[in-house]
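Quick notes on the structure that follows.
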Amino acid sequence: MHPVEHVFFLGSVLVHYLVAAHPIYILFHLQCDALTTATTHTGFEERVVKDKTV
């Protein structure tokens, strides 16, 4: 991830400083953010079904 991009992307977790949340939910939020980033950079954004891009 690019240096500035990760500040904005993972910065969404900072909302938990304003809104009280259980620490496990904060960890889940971080895990989802990190895994989403990894899967979107793999190059499999499109599905091909019967020779058509979906």
inquiry  = Show me, bin by bin at 5 Å from 0, the whole-percent P(r) of the chain based on Cα pairs.
reply    = 4, 16, 20, 18, 14, 11, 8, 6, 3, 1
remark   = Over the chain, the sum of -39500 (n - 2.57) across DSSP H runs of at least four, divided by residue number and rounded to 500 deg cm²/dmol, gives at 222 nm -16500 deg cm²/dmol
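Name the chymotrypsin sites (Phe, Trp or Tyr not before Pro) in the chain that are in a loop by DSSP and that have at most 14 other C-beta atoms within 10 Å, would you?
Numbers: sites: F8, F9, Y17, Y25, F28, F44; in loops: F44.
Sites meeting the loop and neighbour criteria: F44.
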ask   = Along region 22-39, what does the Karplus equation 6.51 cos²θ - 1.76 cosθ + 1.60 (θ = phi - 60°) give for ³J(HN,Hα), rounded to whole Hz, x for Gly and Pro?
value = 5, x, 5, 5, 5, 5, 4, 4, 5, 5, 4, 4, 5, 6, 4, 5, 5, 6
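Every number in this text was worked out from the coordinates using simple rules, so none of it is lab data. In this text the structure is predicted, and so the values were computed from the model without any measurement. When we count neighbours, we look across all protein chains shown, and the Cβ atoms used for this are built from the backbone with ideal geometry, even at glycine.
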